[in-house]
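Notes follow once the structure below has been shown.
The values are calculated or read from the model by the stated rules, or taken from the named source; none is laboratory data. All of these numbers come straight from a predicted model, not from anything done at the bench. Cβ coordinates were reconstructed from backbone atoms using ideal geometry, including for glycine residues, and neighbour counts include every protein chain displayed.
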Amino acid sequence: MSYVDDVYERLVAQNPAQPEFHQAAKEVLDSLRPVIEPNEEHYRKEALLERLTTPDRQILFKVPWVDDNGQVQVNNGFRIQFNNAIGPYKGGLRLHPTVNLGILKFLGFEQIFKNALTTLPIGGGKGGSDFDPKGKSDREVMAFCQSFMTELYKHIGPDVDVPAGDIGTGGREIGYLYGQYKRLTTSYQGVLTGKGLNWGGSLARTEATGYGLLYIVDELLKDHGQSLEGKTVTVSGAGNVAIYAIEKAQQLGAKVVTASDSTGWVYDPEGIDVALLKDVKENRRARLTAYAEERPSAEYHEGRGVWVVKADVALPCATQNELTLDDAKTLVENGTVAVAEGANMPTTPEATEYLQEKGVFFVPGKAANAGGVAVSALEMSQNSERLSWTFEEVDNKLHDIMKDIYQNISSAAEKYAKKDDFVSGANIAGFLKVADTMEAQGTAI
């Protein structure tokens, strides 16, 4: 059995009932074959793949808190510190009922390569809880966050592990978490990113993932003699990533015609009204039905269906495995030229393979949505220097980082796999940086 197959078989056996982690690991390991197989004896002797696919630490803890009725509730808390070869563990805290160990291991594993691609000194980690902030009062969210941080603070620090926001963890939650961290440590440190602008946050962090997604798509199209100008774009999701992807796409001359949430989606042939979308989702926290009611050109549809709309570029920005093989076939039939992942692993393996076979440019999330964590790392730099940069300074750095990511994954694809195989390119470029560092630091890491 080959070393790659041996490691994957071991991983599945040691991590049962964690399909998302299995899926992420298989995609990465398969794409690394051109690098691993010529040096298989060396990598096997060093057990480098085993060391890379096994988290440094898996922290599981209970989170008791009291709701507004005086009832004690108990949730599960997690932090996966996966790999710190190139810097402190870095990755978001996800608050959602679906959160479990397997999902967080998939996200933490992906984060290793994503963070390596940013060229910034940050390792990979992820955490969160099965707590659902939806429908909770501010006091209930605060009670949960304070209890969560009462355990988490023992395991994090500005040079150890720097968590951030993720699904369900926005500015409100980061504020409560940071307040409790300060209370427990009596120190003011840059230990969380996504902070408020008045207390250590970075301008452009809110926009970073969505903007970065479009910067890499723009670079991809330019590299192939095309432009976003005049292109029609479909986007799934209506959260932070989707909203700012829509905003930047339209700034770059494209027309975005869809958005979606957990209950349905809208088609707006005149182009999504970003100001109205922000008001509905960010201010009112309402469903997209409210957008459709106030926008005469918009059609609301229950369920899923964004990908049936004819478009040049598709940007899945909602959740994992949302774009299926059938959706991929529809995109190809409709003449879509590029798909880039704004969410983490939103495209199924079968859909990814089909899109690549049919010549659709496909950029995986670990490269395409790396803008968010890149600006989080820039926030860490600003905290260390006790200063803040202007929006333009941060945005320009983000633009340069995304251009570098595209060049690096494109070069790695051409050297080790095949031209424009950006999945392999992203995995290989990230792996080589982390693997070389692990070897340089010895077998303790």
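Does any residue of segment 7-26 turn out to be within 27 Å of PRO88 (Cβ to Cβ), more than 23 Å from the chain's Cα centre (by Cα) and small (Gly, Ala, Ser)?
Within segment 7-26, not a single residue is within 27 Å of PRO88 (Cβ to Cβ), more than 23 Å from the chain's Cα centre (by Cα) and small (Gly, Ala, Ser).
Tell me the residue from LYS248, LYS255, LYS281 that is touching a Leu at 6+ places or on another chain (Cβ under 7 Å), over 18 Å from GLY303 (Cβ atoms) and of a type in the set (Lys, Arg), please.
Exactly one residue qualifies, and that residue is LYS248.
From the list GLY128, GLY135, pick out the single residue that is at positive phi, buried (at least 21 other Cβ atoms within 10 Å of the Cβ) and not acidic (Asp, Glu). Let's see the steps before the verdict.
Numbers: GLY135 fails: buried (at least 21 other Cβ atoms within 10 Å of the Cβ).
The match here is GLY128.
Which of the residues that make up segment 291-333 are surrounded by fewer than 21 Cβ atoms within 10 Å (Cβ to Cβ) and of a type in the set (D, E, K, R)? If you could, list the steps in order and put the result at the bottom.
Going residue by residue through segment 291-333, those that are surrounded by fewer than 21 Cβ atoms within 10 Å (Cβ to Cβ) are 292-297, 299-305, 308-310, 312, 319, 321, 324-326, 329-330, 332-333.
Those that are surrounded by fewer than 21 Cβ atoms within 10 Å (Cβ to Cβ) and of a type in the set (D, E, K, R): GLU293, GLU294, ARG295, GLU299, GLU302, ARG304, LYS310, ASP312, ASP326, LYS329, GLU333.
What's the number of the only condition in (1) in contact (Cβ under 8 Å) with a residue 40 or more places away in the chain; (2) farther than 21 Å from SER31 by Cβ that TYR406 fails to meet?
It fails just one condition, (2).
Among the residues that make up segment 339-356, is at least one of them without any contact (Cβ under 8 Å) to a residue 40 or more places away in the chain, touching a helix residue (DSSP H, G or I) at 6+ places or on another chain (Cβ under 9 Å), surrounded by fewer than 22 Cβ atoms within 10 Å (Cβ to Cβ) and not in a helix (DSSP H, G or I)?
Yes, some residue in segment 339-356 is without any contact (Cβ under 8 Å) to a residue 40 or more places away in the chain, touching a helix residue (DSSP H, G or I) at 6+ places or on another chain (Cβ under 9 Å), surrounded by fewer than 22 Cβ atoms within 10 Å (Cβ to Cβ) and not in a helix (DSSP H, G or I).
Would you call LYS281 surrounded by fewer than 22 Cβ atoms within 10 Å (Cβ to Cβ), among the basic types (Lys, Arg) and over 18 Å from the mean Cα position of the chain (by Cα)?
Values: surrounded by fewer than 22 Cβ atoms within 10 Å (Cβ to Cβ): no; among the basic types (Lys, Arg): yes; over 18 Å from the mean Cα position of the chain (by Cα): yes.
Answer is no for this residue.
Under 7 Å by Cβ, and 6 or more places apart or on different chains, what pairs join a residue from segment 1-26 that is more than 17 Å from LEU104 (Cβ to Cβ) with one that is at pLDDT 95 or above and not in a helix (DSSP H, G or I)?
As it stands, the answer is VAL4/LEU32, since those pairs meet every condition given.
For segment 205-238, which positions are buried (at least 23 other Cβ atoms within 10 Å of the Cβ) and farther than 23 Å from SER411 by Cβ?
Scanning segment 205-238 gives ARG205, GLU207, ALA208, THR209, GLY210, TYR211, VAL233, THR234, VAL235, SER236, GLY237, ALA238.
Take the residues of segment 303-329 that are charged (D, E, K, R) and closer than 21 Å to LYS358 by Cβ: which is nearest to the chain's Cα centre (by Cα)?
Of segment 303-329, the ones charged (D, E, K, R) are 304, 310, 312, 322, 326-327, 329.
Imposing the further condition that a residue be closer than 21 Å to LYS358 by Cβ reduces the set to 310, 312, 322, 326-327, 329.
Working: LYS310: 26, ASP312: 23, GLU322: 14, ASP326: 24, ASP327: 21, LYS329: 25 Å.
Looking at residues that are charged (D, E, K, R) and closer than 21 Å to LYS358 by Cβ, I get GLU322.
Filtering segment 357-409 down to residues that are aromatic (Phe, Trp, Tyr) and out of contact with any His (no Cβ under 9 Å at 6 or more places or on another chain), which residue is surrounded by the fewest Cβ atoms within 10 Å (Cβ to Cβ)?
Quick first cut of segment 357-409, residues aromatic (Phe, Trp, Tyr) only: 361-362, 389, 391, 406.
Subsequent filtering for residues that are out of contact with any His (no Cβ under 9 Å at 6 or more places or on another chain) retains 362, 389, 391, 406.
Numbers: PHE362: 25, TRP389: 18, PHE391: 11, TYR406: 25.
My answer is PHE391.
Would you say ILE428 is out of contact with any Asp or Glu (no Cβ under 7 Å at 6 or more places or on another chain), within 27 Å of LEU331 (Cβ to Cβ) and modelled with pLDDT of 95 or more?
yes
In the set GLU37, GLU41, GLU27, GLU9, which member is out of contact with any Phe, Trp or Tyr (no Cβ under 9 Å at 6 or more places or on another chain) and at pLDDT 95 or above?
Details: GLU37 fails: out of contact with any Phe, Trp or Tyr (no Cβ under 9 Å at 6 or more places or on another chain); GLU41 fails: out of contact with any Phe, Trp or Tyr (no Cβ under 9 Å at 6 or more places or on another chain); GLU27 fails: at pLDDT 95 or above.
Unique residue meeting the criteria: GLU9.
Of the numbered conditions (1) surrounded by fewer than 24 Cβ atoms within 10 Å (Cβ to Cβ); (2) hydrophobic (A, V, I, L, M, F, W, C); (3) closer than 21 Å to GLY165 by Cα, ALA413 satisfies every one except a single condition; which is it?
Of the numbered conditions (1) surrounded by fewer than 24 Cβ atoms within 10 Å (Cβ to Cβ); (2) hydrophobic (A, V, I, L, M, F, W, C); (3) closer than 21 Å to GLY165 by Cα, the odd one out for ALA413 is (3).
Criterion first (assigned by TED's automatic domain parsing to the domain that holds ARG94, surrounded by fewer than 24 Cβ atoms within 10 Å (Cβ to Cβ), within 19 Å of the chain's Cα centre (by Cα) and of a type in the set (Ser, Thr, Tyr)) does THR150 satisfy it?
Numbers: assigned by TED's automatic domain parsing to the domain that holds ARG94: yes; surrounded by fewer than 24 Cβ atoms within 10 Å (Cβ to Cβ): yes; within 19 Å of the chain's Cα centre (by Cα): no; of a type in the set (Ser, Thr, Tyr): yes.
No.
Let's see how each residue does on (1) surrounded by 14 or more Cβ atoms within 10 Å (Cβ to Cβ); (2) touching a Pro at 6+ places or on another chain (Cβ under 9 Å):
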{"residue": "ALA13", "(1), (2)": "no, no"}
{"residue": "LEU32", "(1), (2)": "yes, no"}
{"residue": "LEU49", "(1), (2)": "yes, no"}
{"residue": "GLN58", "(1), (2)": "yes, no"}
{"residue": "VAL66", "(1), (2)": "yes, no"}
{"residue": "VAL74", "(1), (2)": "no, yes"}
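Can you give me the ranges of the strands (runs of 3 or more DSSP E) entirely in segment 205-279 with at least 3 residues that are of a type in the set (S, T, N, Q)? Please lay out each step first, then the result.
Values: elements: 232-236, 258-260, 264-267.
It comes to 232-236.
I'd like to know if segment 149-171 contains one or more residues that are at pLDDT below 95, over 21 Å from PHE82 (Cβ atoms) and not in a loop (DSSP other than H, G, I, E, B).
Yes: segment 149-171 contains one or more residues that are at pLDDT below 95, over 21 Å from PHE82 (Cβ atoms) and not in a loop (DSSP other than H, G, I, E, B).
For the structure I just gave you, tell me whether LYS90 is surrounded by fewer than 18 Cβ atoms within 10 Å (Cβ to Cβ), closer than 22 Å to PHE431 by Cα and within 25 Å of the chain's Cα centre (by Cα). Even if it seems obvious, please write down each step before you answer.
On the way: surrounded by fewer than 18 Cβ atoms within 10 Å (Cβ to Cβ): no; closer than 22 Å to PHE431 by Cα: yes; within 25 Å of the chain's Cα centre (by Cα): yes.
No, not satisfied.
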